[in-house]
Amino acid sequence: MNLLTKGCASFALLSLLLACDSNPDWEQNANDNGHTAPTLATANANKAFLDKRPFANKADFENARRGLIAQQENMIVPHMKEGTVWDMKAYEFIDKNGENAPDSVNPSLWRQAALNNIHGLFKVTEGIYQLRGFDLANMSIIESDNGWIIVDPLTSRETASNAFLFAQKHLGKKPVKAILFTHSHIDHFGGVQGVLQHLSDEEKQNMRIIAPEGFEEEATSENIIAGTAMVRRAGYMYGKALARDERGHVGTGLGKGPAFGTFGIQSPTDLISKTGTKLTVDGVPMIFQAVSGSEAPAEFTFYLPKHKAFCGAELLSNNMHNLYTLRGAKVRDARIWSGFIEEARTKFADTEVYFASHHWPMWGKENIDEYLSVQRDTYKFIHDQSVRMLNQGYTPNEIADSIQLPDALNQAFHNQGYYGTIKHNAKAVYQFYQGWFTGNPAKLDPLPEAQAAVRYMAMMGGVDSVLTQAQAQFDAAANESIDDSIKTYRWLAELLNHAVFAEPENNQTKALLAKVYDQLGYLAESAPWRDFYLTGAYELRHGAPDEGISPAMMKEVLLETPVEFFFDSMSVRLIAEKAEGVNTKVKITFSDLNESHLLTVNNSVFHHKKVPNNTAADATLVLTQPLFVDIIIGEAGLKDTLFSDDLSIEGSKLDLISFFGMLDQPEGKFNIVTP
Ligand SMILES: [Zn+2]
C-alpha cells in the first residue's frame, strides 16, 4: 500500500488542516477505504444470528468438496487487454469452514462465502463433471459417446478458456460435441468463445448449440434498453468498488463475483420450446423442461435418464433467488416459478444426483425431493402470503417488515436470503400485482427527494440539529435490544438520507450516514444487501465513479444482436428538448446485410422501421453492421467516420450530424446516494 492510495485516514493530522476534497474525513478506526468498525450493537446482533440457522449441519461443506479432482492454485485470470477478470486468492481471508466470522460480517453470509470459495474440478457422478469457482456460475461437462457436452460456458472468454483448459489438463482432451446454454443470462453463455477458441474448425462445424426458445432475443435485448442504469446499479449489487476484505465484499451469495471480462455469444442450432422434448446428443439421452418466465425469460432444465441426474439450471440454487433483482429488472413471477419446481420434482422423480448452474450438487433421492419441496414452497409461501397481506391493505413496507418463513421452511440453509431476500421478494410480489402505487394519495405526487429533504430539514430545525440528534441515537443503539438497534440504524438511514439530500456538501452528515450504511452492510445476511450498503458508504466517502463501464466489453455480443434492438435503444436516448419542432427522416442501409431502416423524428418521438432499400429520406447512411457497432460503442467516432471512406452518405452530412446530435450519451456514473 503506497502513500498515495492510503487515503486520508493515515494523515489524521494533515486532514485537520486540509479537507479531503468534498469527501468526509475518516474515523480513527476506519480501514483504508474509510469503512468504520462494527459497533457493539452490530457485533451483538451478528453473534445472536448464530442461533437463527442450523450451523451444526455440515452437509453443504461435504457436498461442496465431494468428488474433487484438482484445484487450480493461484487462480488469477487476467483480462485480454488489461487488468484482472477473476481472482480467487482475494477471498482467502475467509476461513475454510466459514466458522470464524468477524463482527463485520453476518455469520450466515460468511458461511455461504466460505462454501462459494470451494473451487476446483469435481466429479459429480460417473460421466458428469463440474468446474466450480472459476467464474460466478458453474461450467458442467457431460461425457458423451465421442467427446464432451459443455453446459453453460461461464461469463467471459478469459474465465471460460481458463476453466476449459484446466478440465482438459485433468480429464484429457476430448472433442466438444455440443454446448448447452441453460438460459439467457450472460454468466451462462458470455464465455462461449473462450471454449470455441480451443476447438478445430471441424469440431465447430459439427457442433450442436442447444438453447431455450427465445434465447438469442432475450440474451441480446435484456440489458439494451435500460442497460446503462442496470450496469450502474449492478456495480452496487456486486460491490464492484469494494475491497475483498472483512469490511468489504465477501461474495455475491450466488457465487464469488461477476467476471468483468470479454463477453461473447453464439447462435444456437437447436431450440427447446416444450417440456418433455427428448434429444439424444452424441449418445446421451436428455429430457428437457421449459421454464421460461421464471428465473430468466428463456430457460430450460434437463434430466439425464441414463445418469439419473437432474440439472436444475438456475430454476434452483442453494440460496433464495431474486423475484426482483436489485440492479433493476422486471419482476419475476413467483407462482409460475414455484409451479415449475413442482413439475420438475414429479417429472424427474427418479433423480439421484442433482446439479445446477450455481453452487454445489446434492446426492440421494430423498435429499433431493426434500430440497425441491422446500424450494418450491419457499417461493409459493412468499407469493401467497404477500398477496394475502396486500388484499388486507398492507403496504409493501408493512408486508416486508412482517413476513417470515414458517418454522418448517426455516430449517435449511439453501432457501435463505443470501442473494434474494424474503423482504425484497415480498415487495416484488406486491409490485407484480399492484405496481408502485400503494393507494395512499400522499404517495401520489410527492416532491422529488431533494426538494422534500430541504423542507424536512427546515421543519426539523436544520441539518445541524438533526445531525446532533442522529449522532445521539446512533450512540444509544449500543444499549438497545438487538431488534431495536437494527431498527435505529434503518431509521437513521432514512433520516440522514434526507439530511444528505438537503445539504450534499455537508461532510459530517455524509460521514454519519456512511457509518450507518457500514453497520447495515455488516448486519446483512444477503450479499447484495451488504454490497449495496457498503457501496453506498464507499460513495459517500469517495464520490461516484469517474467512469462508467465501457460498452466495448459487449462488442462480441452486440455484433450478434439484431439491428432493430439498437434502434429501440436509440429511441430511448432521444433528447426531447433538442427534438422539439424537428421533423426528419434518416435512412440507415447496412451494405453487408442488404437491409435498410428508416429512422424518423417527429413530435419529439423517434420511430424506426425496416424499409425497402430505395425508400426516400432526407439523408442516407450506408455502412456495415460492424462499423455501426463500433460507432455505438464509441470505438469509432461518428464525426470522424462520417468523413471517412468506410461509409457513404447520400444527402446532407450536416443533417446526419444534427440527427445523431439529438441522442443522449448516458455515461453510467450517475449519483445514487447523493442528489
Ligand atoms: Zn446465473
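The values are calculated or read from the model by the stated rules, or taken from the named source; none is laboratory data. It should be emphasised that the depicted structure is a prediction, and the values quoted were computed from it without experimental measurement. Glycine gets a Cβ as well: all are built from the backbone with ideal geometry, and neighbour counts include every protein chain shown. For the accessible areas, the whole protein counts, side chains as well, though only heavy atoms, and no ligand, DNA or RNA atoms are used. Shrake-Rupley method; radii C 1.70, N 1.55, O 1.52, S 1.80 Å.
Bridges between two residues of the chain, per DSSP, are antiparallel at a rate of about 75%.
With each label modelled as a point 7 angstrom along the Cα→C-beta vector, the residue 95-residue 490 pair spans 3.1 nm. Taken per residue, the accessible surface of segment 344-388 reaches 38 Å², heavy atoms only and a 1.4 Å probe. Taking every alpha-carbon pair under 8 Å whose residues sit at least 6 apart, segment 34-118 reaches a relative contact order of 34 percent. Taking the protein heavy atoms of segment 390-452 in the context of the full set of protein chains, the accessible area attributed to carbon and sulfur is 49 percent at 1.4 Å. By the rule of a C-alpha distance below 19 Å, with chain neighbours fewer than 8 residues away ignored, the lysines paired with residue 123 are 169, 173, 174, 306, 308, 365.
Please report the spacing between the Cα centers of segment 619-646 and segment 144-203 in Å, no decimals. With segment 619-646 and segment 144-203 each reduced to a Cα centre, they are spaced 33 Å. At a 1.4 Å probe, what is the % contribution of carbon and sulfur to the accessible area of segment 161-287? Of the solvent-accessible surface of segment 161-287, carbon and sulfur hold 46 percent.
Computed from phi, the 3J(HN,Hα) profile of segment 524-532 under the Karplus parametrisation 6.51, -1.76, 1.60 (θ = phi - 60°) reads 6, 7, 8, 4, x, 5, 4, 5, 5 Hz, with x in place of Gly and Pro. The mean sequence separation of alpha-carbon pairs under 8 Å and at least six residues apart, normalised by the residue count of the chain, gives a relative contact order of 13 percent. Taking a quarter of the surface of the Cα convex hull of segment 32-74 gives a mean projected area of 5.9 nm². The residues of segment 428-498 have, on average, 64 Å² of accessible surface per residue, using a 1.4 Å probe with all protein chains present. Rounded to the nearest 10 square angstrom, residue 653 shows an accessible area of 80 square angstrom against a 1.4 Å probe.
Counting only residues at least eight positions apart within a chain, or on another chain, the lysines with an alpha carbon under 25 Å from that of residue 609 are 555, 578, 585, 587, 639, 653.
A Förster radius of 51 Å combined with the Cβ-Cβ distance from residue 650 to residue 329 puts the calculated FRET efficiency at roughly 0.80.
Under a 5 Å amide H cut-off, with hydrogens placed 1.01 Å from N, residue 582 pairs with 604 among residues at least 5 apart or on other chains.
Summary of the geometry: segment 554-609 and segment 213-270, compared by the centres of their Cα atoms, lie 26 Å apart. For segment 461-497 and segment 58-107, what is the separation of their Cα centres, given in Å? That distance is 36 Å. For residue 402 and residue 68, the FRET efficiency from 1/(1 + (r/R0)^6), where r spans their Cβ atoms and R0 equals 60 Å, is about 0.90.
Of 114, 570, 634, which is farthest along the charge dipole of the chain in the positive direction, counting Lys and Arg as +1 and Asp and Glu as -1 at C-beta? Farthest along the dipole direction, towards plus: 114. Checking every one of the GluC sites (Glu not before Pro) in segment 530-621 against DSSP loop status and a limit of 10 other Cβ atoms within 10 Å picks out 547, 580.
For segment 169-288, relative contact order (Cα pairs under 8 Å, six or more residues apart, normalised by length) works out to 32 percent. Accessible area per residue for segment 160-220 is 37 Å², calculated with a 1.4 Å probe on protein heavy atoms, without ligands, DNA or RNA. Amide H contacts under 5 Å for residue 595: 590, restricted to partners 5 or more places along the chain or on a different chain, H placed in the peptide plane at 1.01 Å from N. The alpha-carbon of residue 510 sits under 23 angstrom from the alpha-carbons of these lysines, leaving out residues fewer than 8 places away in its chain: 6, 240, 487, 669.
Leaving out ligands, DNA and RNA, what percent of the accessible area of segment 75-130 is carbon and sulfur, probe 1.4 Å? Using a 1.4 Å probe with all protein chains present, segment 75-130 comes out at 46 percent carbon and sulfur.
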